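Written out below as structure tokens is the structure these notes cover.
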Ligand code: UDX
């Protein structure tokens, strides 16, 4: 099939490359000239496992093309997939400005029947509104249908998530649209869930918000474990044997970050408010997470008292391992707080340094050698469970640090062995 992807951000690029890999001809379009230039030299603009290789391969065999010319791409397509960002407005609602301008462009330029697929995460009801907007702006005598097809990719595993998707959700309002999307996804051979458009849009938010709620619930219980003397990891293992609960997303820590959970929880809460409904569970998930993000530094304040002029090492700044993304990462408010309190920060991250420097500039010292950050430090904070960090032994901390005190926000180490090495070790819920 000929498929046009509008927006080569993270979702658009992974989707486009994956569709080209299974044999579709993909035309990707974006207004960012620099990004398109880069992609046309076969360079991948984001850090994502396996994506670069597949990109190069499919450019070479001419299955995927990149351009800034919307009109050309629209003309060639049977399906137009919109993967434009829907950033957060100040009030937490989703900003649909960019999406709507693309929709108008489609309506004004498409000269043959086409299916428009919304892959961007959008408020429930957006597909209906997009259809109205298209019909209002239609220039030629063509039929444009709209379908919802949310994505469930996690950063760092996005390519494998696409090829091994637990399910593909398609929200349609005609048999014709369903047929087209079934054909598009047939090569992936994954379970397909067909619903109406609003339900598909809701599935995306409900799935993300449920996972966020699961994490916040575990963090809440972890805090209580600390108070009553239980161990959250043992609790999680005990819970996980119940298939109704499952073993995933039970890991307590310094809270969730990234480009999805924080945004999608706020957006759904806002949508509910807009319909005069209070989504109490999601509200609680957001509040617990906000508090949890500062948990470690508050604990350190109790133990240490003052951070002024102390050399403090920060290990890991990305919101999770396997990505260079620091959006909504718990490390950010903690770094801000420590700087405000006069700490002398030395930061290590295997891939996130460039992004953290953009935020904090010369207020922080960065290194890609972990030992340099730790050497002579009076305190270590861990915000991301990168493998190289989890592999570091207490013995090494003891050898390198001025005073071996560790605040671990991702429960990277065995608590018992800290005592053995006489390291002052604080983690979450244990
Ligand atoms: C998430 C969803 O998993 C994905 O399906 C959706 O499409 C986009 O949002 P992503 O944000 O890339 O993906 O990462 P994910 O692995 O889900 O982790 C999100 C955050 O939750 C991270 O900050 C992570 O550290 C945290 N987390 C995750 C926990 O604190 N505990 C857990 O048990 C799992």
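Any read-out appearing in this document is the output of simple, stated calculations on the displayed coordinates, not a laboratory observation. Owing to the predicted nature of the structure, the values given are computational and were not obtained by experimental measurement. Virtual Cβ from ideal backbone geometry, glycine too; neighbours counted across all protein chains shown.
Brief remarks on what is shown
- Sorted on the mean count of surrounding Cβ atoms within 10 Å across their residues, most packed first, peptides 416-423, 342-349 read 342-349, 416-423.
- On full extension, the segment bounded by residue 371 and residue 280 gains 28.3 nm, given 0.36 nm per residue less the C-alpha separation.
- Of 11, 116, 175, the residue with the greatest mean-square motion in the GNM of the chain, using alpha carbon springs below 10 Å, is 175.
- The distance separating the Cα centre of segment 148-187 from that of segment 92-136 comes to 18 Å.
- In degrees, nearest ten, helix 295-304 long axis to first principal axis of the chain (Cα): 20
- Choice from 45, 262, 150 showing the highest fluctuation, given a GNM over the chain with Cα pairs closer than 10 Å: 45
- Stretching the chain fully between residue 31 and residue 298 yields a gain of 91.8 nm (0.36 nm per residue, less the alpha carbon separation).
- Zone residues, segment 106-127, relative to residue 1, backbone N less than 12 Å from point 7 Å out along Cα-to-Cβ: 114-118
- Percentage, to the nearest whole number, of Cα pairs in the chain over 32 Å apart: 43
- The angle separating the long axis of helix 51-60 from the principal Cα axis of greatest extent in the chain is about 30 degrees.
- Tensor-based shape of segment 18-82 (alpha-carbon gyration tensor, a/c under 1.5 rounded, otherwise prolate or oblate): oblate
- Nitroxide proxy distance, nm - points 7 Å out along Cα→Cβ at residue 42 and residue 291: 5.3
- On Cα atoms only, tilt of 331-340 relative to the major axis of the chain in degrees: 50
- Rounded FRET efficiency, nearest 0.05, which uses the C-beta distance separating residue 245 from residue 175 and R0 of 35 Å: 0.40
- Here the relative contact order of segment 311-387, from alpha carbon pairs under 8 Å that lie six or more residues apart, stands at 47 percent.
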